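Quick notes on the structure that follows.
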Ligand code: IYR
């Protein structure tokens, strides 16, 4: 019989009253309803300590076999941001002029996006999220990770929520392909660039498209016992 050798610790779970649960669930949903993807970024600097704390929240995400298969490359260096902008815009020009099918361009039209990405240079931080398909362990062996895209995407969701909670705006940017990020940021090819987050304060004059969110009824179905 296999003996169970896993080491456990107490859960340290804080029980809340129903009233408090409701109140916290409501404040969080209201906070998140006010999050909007921003494209007009100010160049006002943001203390790095805030980014560090938000990254720690991101790193608390669940992951396949607890491999934590993510890496966040934080860029504030103007020269590197300029390089990233140059490479991203090359891909975006391709996308908008030939790669994207008409239905995709039609879907993007209400958002007013185009290949010009000044925010990649202007915003104080870019955070390139990499998903680690493998890691090379200390003995030099290749160790496979599991549910890599799912895990790194959950961590990125945590990060976006943490940054918003801290009073910062984000833009989820996905130039495709993004291989140039490995080269510019000297990340190993065992890591796949997942997305590029643009982080900072919005410009005072920032405006956003007038879009709506789907209702609870549209996004959910409840399968409950009938009384
Ligand atoms: N990566 C391009 C195109 C783009 C695609 C989707 I899907 C968006 O929601 C927004 C943009 C760009 O960043 O412009």
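No value in this document is a laboratory result; all are computed from the given coordinates. From a predicted model like this one, the values you see are computed outputs, not experimental measurements. With ideal geometry, Cβ positions are generated from the backbone for all residues, glycine too; neighbour counts draw on all protein chains shown.
Computed on the chain, with alpha-carbon pairs under 8 angstrom and 6+ residues apart, the relative contact order is 31 percent. As an exercise, use a Förster radius of 35 Å and the Cβ-Cβ distance of residue 15 and residue 207 to find the FRET efficiency, rounded to the nearest 0.05. The calculated FRET efficiency here is 0.20. How much length is gained if the chain between residue 116 and residue 139 is pulled fully straight, taking 0.36 nm per residue apart and subtracting their Cα-Cα distance, in nm to one decimal? Full extension from residue 116 to residue 139 adds 3.8 nm. Computed over segment 69-166, the quotient of the alpha carbon radius of gyration and 2.2 N^0.38 Å is 1.35. The simple spin-label model puts a point 7 Å past each Cα toward its Cβ; for residue 218 and residue 189 those points are separated by 4.4 nm. Computed log10 I(q)/I(0) for segment 87-227 at 0.10, 0.12, 0.13, 0.15 Å⁻¹: -0.49, -0.68, -0.78, -0.99, from the Debye equation with unit scatterers placed on every C-alpha and solvent omitted. If the segment from residue 22 to residue 6 were pulled out straight at 0.36 nm per residue, it would be longer than the present Cα-Cα gap by 2.2 nm. For segment 10-149, the Stokes-Einstein estimate of translational diffusion at 10 °C and a viscosity of 1.306 mPa s comes to 82 µm²/s, using the Kirkwood hydrodynamic radius over alpha-carbon pairs. Placing a pseudo-label 7 Å from each Cα along the Cα-to-Cβ vector at residue 52 and residue 82 gives an inter-label distance of 2.9 nm. If you average the C-alpha positions of segment 141-220 and of segment 17-78 separately, how far apart do those two centres end up, in angstrom? For segment 141-220 versus segment 17-78, the Cα centre distance is 10 Å. For segment 1-66, the gyration tensor built on C-alpha atoms gives an oblate shape. Its axis ratio a/c (a ≥ b ≥ c) is at least 1.5, and a/b is not larger than b/c. In the elastic network of the chain, a GNM with C-alpha springs shorter than 10 Å, the most mobile of 36, 207, 122 is 207.
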